[in-house]
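What follows is a short report on a single structure.
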């Protein structure tokens, strides 16, 4: 037995050793192997050996002590679990002998988690399930325990993909009792007579029209335009659910929590109950509706000279489709709209075309205009799988609606910027801070006259991208630099303070045009009402905005995951088919290619054992092999090599252009023969 002096010395020694250790905090990052890393708060990565990885889960925040090994590599030893990111998750039910496990959907984490006997269910091998962590492995020698809280279904059940994605991202289509009761009261009490009696200006005589997809039911904008001596007057009418849904009510809180309508394929989740978004507040034709109205004066050069917001009641006189309006304006009127519409509506549509043309030209000279990209319409069958894909280029009608909505949002942003702490801005602040030095080096090499400029200045940023896009069509180097610099930009975000929108080239921008579908727009309606009435603004906190931003990000991730999964199902029987595509990503291992005709991304592996290693330039995102060089936005020909439905990944291989064209011709002939 040790003496008191020996124990005291030992305690002192431990204190000295502890004081000499370097401690840090960070987030656990697993790998597909047994080892992992801790991403420290200062940006460094510290190695976690397999034994220690057994004690933690992906995303855990931990305190570690740091040492260096003989190769001067940073290694971490776990000291304290600060908090865990894993509480609820989804995965696949598996059995190994008598033991039951779940393989969690937390890539690249690949360890199975144990289900104790008392928590076992009637799930079968391969079932997709929701789970809850009941014992963290940190204090239990690496032995985690979980329980299954919900069986989602078998992988081959119709609609399993959307249910699984909703469970993974904890998205719900259910409403709490109080919000549902409020929605029912509104939908039953707000009839046309009640809306017509609203004490607000009556603008129902103005021949507003909605222009949207033929399938759209939640119509939240209508437009009208007419000529003036200086140019044109553009008037937009936006659905006004905030006229009845009080700020702070149960329904408003539910909309705030959802953040937006999610158009999950086969399983849309609306921000407001469909009775309200599709009927009560939707700007359906020939129905009186409350609206936020913005009247804008546009001169012949496309400049917005004056605007006014007001809350009024309006009536949409017609619901028109994008295809129908485009046909009318381009003299290809297959729907015979010219014979069906009164002269006042036809004149308004023709005026809207002139305004859109002037606004696009103005924005090209004074702001930034993004290049047009095709959209893809996915049609599902009875099994909730993609049956066919329709590629659609943006048409004239979509552009004129877009210009009207952009103008409205610019006006809202300007008004909020004149009244600080009122509304919620949509901002984009240019380049990521950690890439600024690279940005300057790239610009100096291609545009030396623009080197050393401060691109946190909006005017300099606009000049840079206007210059690049002006010459992108006939200068390959500038086109590649444009693509590269776009990928070095910050993501757009919401803010209580105006920081401009560099991506669009606007000094101020705040969205108000989709209050049925987006919470930030609904919030800005409350803010505008407060400004116009001289009452206090709703008063969102920075924490509120951060939560809203996180929810929007989660929704986008869920939407992308579901689309990727269903697209992989669609491609599963198309192994060996040839496609033309565009390089959308470059890494040291290969290239990501987006198929031009379908819109799905796949990966081409170019780093293989036994072959020379490709030369990867992470700064310029280029990859050089003995056969070719690859850059962002390059056109390539590929063949579908393999599709992994569970992993939601597709492998491609390169095909030379001549072979691709012969194979494509053969595929077309084969289809015609079968038809």
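The table below gives the values:
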{"item": "The chain: angle of helix 4-20 to the longest principal axis, Cα-based, in degrees nearest 10", "result": "40 degrees"}
{"item": "Cα extents of the stretch 367-442 along the three principal axes, largest first (Å)", "result": "50, 37, 27"}
{"item": "Efficiency of FRET between residue 646 and residue 284 - r from beta-carbon atoms, R0 51 angstrom, step 0.05", "result": "0.75"}
{"item": "Computed E for residue 475/residue 299 - FRET, C-beta separation, R0 30 angstrom, nearest 0.05", "result": "0.35"}
{"item": "Histogram of C-alpha separations across the stretch 572-674, 5 Å bin width, %", "result": "2, 13, 22, 23, 19, 13, 6, 2, 1, 0"}
{"item": "Relative exposure of 388, 363, 289, judged by other C-beta atoms within 10 Å (fewest first)", "result": "388, 363, 289"}
{"item": "Helix-only CD estimate at 222 nm, as mean residue ellipticity for the chain, using -39500 (n - 2.57) per DSSP H run (n ≥ 4)", "result": "-10000 deg cm²/dmol"}
{"item": "At q = 0.14, 0.18, 0.22 Å⁻¹, base-10 log of I(q)/I(0) for the stretch 483-526 (Debye sum, equal scatterers on each alpha carbon)", "result": "-0.42, -0.64, -0.83"}
{"item": "Mean shadow area of the stretch 88-155, taken as a quarter of the surface of its Cα convex hull (nm²)", "result": "4.6 nm²"}
{"item": "Pairwise Cα inverse-distance average, inverted: Kirkwood Rh of the stretch 178-418 (Å)", "result": "19.4 Å"}
{"item": "Overall dimensions of the stretch 468-575 by Cα: Rg and Dmax, Å", "result": "19.6, 63"}
{"item": "Taking the chain and dividing mean pair separation by its residue count, relative contact order in percent (alpha carbons under 8 Å, at least six apart)", "result": "9 percent"}
{"item": "For q = 0.12, 0.18, 0.24 Å⁻¹, Debye-computed log10 I/I(0) when each Cα of the stretch 455-517 counts as one equal scatterer", "result": "-0.39, -0.74, -1.04"}
{"item": "Which of 232, 379, 112 has the fewest Cβ neighbours within 10 Å, and the rest in rising order", "result": "379, 112, 232"}
{"item": "Near-label residues of the stretch 474-500 by backbone N, under 15 Å of a point 7 Å along Cα→Cβ of residue 553", "result": "490-495"}
{"item": "Part-to-part distance (alpha-carbon centres) for the stretch 286-362 and the stretch 438-464, which is given in Å", "result": "39 Å"}
{"item": "Between 0 and 90°, nearest 10: helix 396-418 axis offset from the chain longest Cα axis", "result": "80 degrees"}
{"item": "Separation between Cα centres of the stretch 521-556 and the stretch 83-115, rounded to whole Å", "result": "38 Å"}
{"item": "Where labels lie 7 Å past Cα in the beta-carbon direction, separation of residue 564 and residue 436 in nm", "result": "3.2 nm"}
{"item": "Nearest-0.05 FRET efficiency for residue 419 and residue 350, computed from C-beta distance (R0 22 Å)", "result": "0.05"}
{"item": "Rough spin-label spacing in nm, given labels placed 7 Å along Cα→Cβ, for residue 118 and residue 573", "result": "4.9 nm"}
{"item": "Rounded to 10°, Cα long-axis angle of helix 542-571 versus longest principal axis of the chain", "result": "90 degrees"}
{"item": "Measure of compaction for the stretch 25-83 (Cα Rg per 2.2 N^0.38 Å)", "result": "0.99"}
{"item": "Estimated distance in nm for a label pair at residue 143 and residue 605, the labels positioned 7 Å out from Cα along Cα-to-Cβ", "result": "3.8 nm"}
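Only the coordinates and a few stated rules stand behind these numbers; no lab work does. As the structure is a computational prediction, the values presented were derived from the model and not from experiment. All Cβ positions, glycine included, derive from the backbone under ideal geometry; neighbour counts span all protein chains shown.
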